[in-house]
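Here is the structure we will look at, set down as structure tokens.
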Amino acid sequence: MKEVHLEKAVRLIYPRITVLVTTQNAQGKPNAAPYSWMAPVSFTPPMLYIGIQRKETLTIKNMRKTKEFVVNIVTKNWAKKAVACEAKIEDKVEKSGITLRESKKVRAPTVSEAKIVLECKLHEIIETDKADRFLVIGEIVYAENDETISNEEIAMHISGEEFVSPGQSYAVKRKK
Ligand SMILES: Cc1cc2nc3c(=O)[nH]c(=O)nc-3n(C[C@H](O)[C@H](O)[C@H](O)COP(=O)(O)O)c2cc1C
């Protein structure tokens, strides 16, 4: 085993599921940004967490204003478009090539290309005095999936420009 510098310690937590978070501003203009620090935090009610850098990014601003967002799970076939939404440019959503459609329970739009969609109401944005990320907690109010999705399609983020998709699943016996 080789010691890893603490600066790189959290990079050892990989691969992480890649999501495109869609929001809209008070005027209804949509925004989308990719994230991979995302995990479930509660089963009942269903809730999730996203780690977002402590800056007033468009995503955070829109979440504060509208209290809603949609987590669109990214698959290999549209990963390039999702990553293009990282750009800090005007009209990045239109330029990325993703298409948006109406969501079922929230005003923030859903990505048409997504095969797993989690519509969320913002529960809380936690700002700790130490961490450099906001802990955004959302409650899932509507979920849908395309049942034909296979594990191999899911785009997992390693770091930087490196992604991987899960291979074949296998069983590990659990004592109950
Ligand atoms: C694959 C990928 C994963 C990312 N994951 C995160 C993340 O988990 N947290 C974060 O703060 N930024 C993450 N980013 C960077 C944001 O997407 C970037 O800050 C973006 O410009 C924010 O856009 P916005 O201003 O529209 O909110 C990621 C970028 C990429 C390409």
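The values are calculated or read from the model by the stated rules, or taken from the named source; none is laboratory data. Quick caveat, the model's predicted, so the values are computed rather than measured. Quick reminder, even Gly has a Cβ in these numbers, built from the backbone with ideal geometry, and neighbours come from all protein chains shown. Calculation scope for accessible area: heavy atoms of the full protein, side chains included, ligands and nucleic acids excluded. Shrake-Rupley method; radii C 1.70, N 1.55, O 1.52, S 1.80 Å.
Please enumerate the residues belonging to segment 110-127 that are among the aliphatic types (A, V, I, L, M), within 22 Å of G28 (Cα to Cα) and in a strand (DSSP E or B).
So the first thing to find is which residues in segment 110-127 are among the aliphatic types (A, V, I, L, M), and the list is 111, 114, 116-118, 122, 125-126.
Those still in the list that are within 22 Å of G28 (Cα to Cα) too: 111, 114, 117-118, 122, 125.
Of everything in segment 110-127, those that are among the aliphatic types (A, V, I, L, M), within 22 Å of G28 (Cα to Cα) and in a strand (DSSP E or B) turn out to be V111, V117, L118, L122, I125.
State all residues of segment 128-143 that are surrounded by 10 or more Cβ atoms within 10 Å (Cβ to Cβ) and assigned to a loop (DSSP other than H, G, I, E, B); if no residue qualifies, say none. Quick ask: steps written out before the conclusion?
Restricting attention to segment 128-143, the residues satisfying the condition of being surrounded by 10 or more Cβ atoms within 10 Å (Cβ to Cβ) are 128, 131, 133-143.
Listed by number, the residues that qualify are T128, A131.
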Check your understanding: Is it true that some residue in segment 51-62 is open to solvent by less than 10 Å² (accessible area, probe 1.4 Å), hydrophobic (A, V, I, L, M, F, W, C) and free of Cβ contacts under 8 Å to residues at least 60 places away in the same chain?
Key -> no
Check your understanding: In segment 26-50, what residues are among the hydrophobic types (A, V, I, L, M, F, W, C), surrounded by 14 or more Cβ atoms within 10 Å (Cβ to Cβ) and within 11 Å of the chain's Cα centre (by Cα)?
Key -> A32, A33, W37, M38, L48, I50
Exercise for review: Please determine, by comparing only the residues of segment 4-19 that are more than 9 Å from the ligand (Cβ to nearest atom) and hydrophobic (A, V, I, L, M, F, W, C), which one is farthest from K61 (Cα to Cα).
Suggested key: V4
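Is there a residue being open to solvent by 50 Å² or more (accessible area, probe 1.4 Å), near the ligand (Cβ under 9 Å from one of its atoms), touching an Asp or Glu at 6+ places or on another chain (Cβ under 9 Å) and of a type in the set (V, I, T) anywhere in segment 88-99?
no
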Review point. Does E152 count as assigned to a helix (DSSP H, G or I), acidic (D, E) and within 29 Å of V10 (Cβ to Cβ)?
Key: yes
Practice item. Restrict the check to segment 63-78 and report whether at least one residue is in contact with a strand residue (DSSP E or B) (Cβ under 9 Å, 6 or more places away or on another chain), within 17 Å of T18 (Cβ to Cβ), open to solvent by 30 Å² or more (accessible area, probe 1.4 Å) and of a type outside the set (S, T, Y). Key: yes
Exercise for review: Pick out the one residue from A39, A33, A82 that is near the ligand (Cβ under 10 Å from one of its atoms) and assigned to a strand (DSSP E or B).
Suggested key: A33
